[in-house]
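Right, one structure below, let's go through it.
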Amino acid sequence: MCHQSVGLIQSIVERAGIPTTSVTLLREITERVAPPRALFVDFPLGYPLGVPNDSPLQTEMIPATLGLLAEGVPPAIIQDFTAAR
Amino acid sequence: MAKISDLKVAYQVFMKAYPYRRVDWRPGARLVKPLRAARVAVVTTAAFFRPDQPPFDTSIRGGDYSYRIIPSDTDLSTLRIAHRSDAFDIRGIASDRNLALPLDRLRCLAAEGIIGSCAPRHFSFMGSIAAPGPLIADTAPEVARMLMDDEADAVLLTPV
């Protein structure tokens, strides 16, 4: 249910006028809730930014997620994350 | 890889039949400045709360739709976790809160000039909200107003 909650909060913040982007671990749910932008990351539930205490990976994933904001105002998009390493 | 079919059978049955909600966000918002100048806030559903805040109430039917404000200068290691869901492995966020609320990482990214700054307030919900009516009507709009008050330029959201 976390993914529905994120999608709903995201949509409400976006509607208020702030651009939003999120990470998703469950593409199937995010497709149904359809928030504006999401980066699908191939990690288990509970691990949205990949690996605990892996600062290089996390600091790569955050700009990748925020990078979706450069797309402007899309139809709802879900993009795949691929780590540089 | 997380898929509905990987979850416990009871969750699969529930999640396949559940009528997912949507909120119409169109026409959508634009980032009005470069990322390197943007103030970034985080909203997570990891159920983090500070020791001076009440825990989330895992007994509320339909889910606790309240939120906790996490100031930017919070020492992440002091945050507690009150999640009702056993659908995910809690050990990751227990060993590194940055996994869902990456305030240390945002500070690094701001120091490197990749983002402008870390917003003064961030927000934590407990994501297990099967009856999201009050979330949609009340608490999410409240958080949106506070993010506007803080002049956040971009919001990053993380589920667990």
Item to check | Which numbered condition B:Ala2 fails, given (1) closer than 25 Å to B:Leu101 by Cα; (2) at pLDDT 85 or above | outcome: (2)
Next on the checklist: List pairs: first residue in the range B:132-160 and without any contact (Cβ under 8 Å) to a residue 12 or more places away in the chain and facing chain A (nearest Cβ under 7 Å), second residue buried (at least 16 other Cβ atoms within 10 Å of the Cβ) and not aliphatic (A, V, I, L, M) anywhere in the structure, Cβ distance under 8 angstrom, at least six positions apart or on different chains.
Outcome noted: B:Ala144/A:Arg15
Checklist entry - Can you find a residue in the range B:109-122 that is in contact with a Leu (Cβ under 8 Å, 6 or more places away or on another chain), at the interface with chain A (Cβ under 8 Å from one of its Cβ atoms) and hydrophobic (A, V, I, L, M, F, W, C)? => result yes
Checklist entry - Taking the range B:1-25 as the region of interest, how many residues are farther than 23 Å from A:Leu49 by Cα and of a type in the set (S, T, N, Q)? => result 1
Item to check | Qualifying positions in the range A:44-67 - out of contact with any helix residue (DSSP H, G or I) (no Cβ under 6 Å at 6 or more places or on another chain), more than 7 Å from chain B (Cβ to nearest Cβ) and part of a loop (DSSP other than H, G, I, E, B) | outcome: A:Asp54
Checklist entry - Of the numbered conditions (1) over 12 Å from the mean Cα position of the chain (by Cα); (2) crowded, with 24+ Cβ neighbours inside 10 Å; (3) more than 24 Å from B:Glu142 (Cα to Cα); (4) not small (Gly, Ala, Ser), A:Glu60 satisfies every one except a single condition; which is it? => result (2)
Checklist entry - For the range B:32-63, what are the residues that are assigned to a loop (DSSP other than H, G, I, E, B) and either touching a Cys at 6+ places or on another chain (Cβ under 9 Å) or at positive phi (or both)? => result B:Thr45, B:Ala47, B:Gly62, B:Gly63
Checklist entry - Does the range B:19-33 include one or more residues that are touching a residue at least 40 places away in the same chain (Cβ under 8 Å), of a type in the set (Lys, Arg) and out of contact with any Gly (no Cβ under 7 Å at 6 or more places or on another chain)? => result yes
Next on the checklist: Just checking, does the range A:27-38 include any residue being more than 7 Å from chain B (Cβ to nearest Cβ) and hydroxyl-bearing (Ser, Thr, Tyr)?
Outcome noted: yes
Item to check | Output for the range B:80-111, where each listed residue is assigned to a loop (DSSP other than H, G, I, E, B), surrounded by 19 or more Cβ atoms within 10 Å (Cβ to Cβ) and within 14 Å of the chain's Cα centre (by Cα) | outcome: B:His83, B:Ala100, B:Leu101, B:Pro102
Checklist entry - Just a yes or no: is a residue in the range B:128-143 within 19 Å of B:Leu106 (Cα to Cα) and hydroxyl-bearing (Ser, Thr, Tyr)? => result no
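The values are calculated or read from the model by the stated rules, or taken from the named source; none is laboratory data. All values reported here derive from a predicted model rather than from experimental measurement. Positions of Cβ are backbone-derived with ideal geometry, glycine not excepted, and every protein chain shown enters the neighbour counts.
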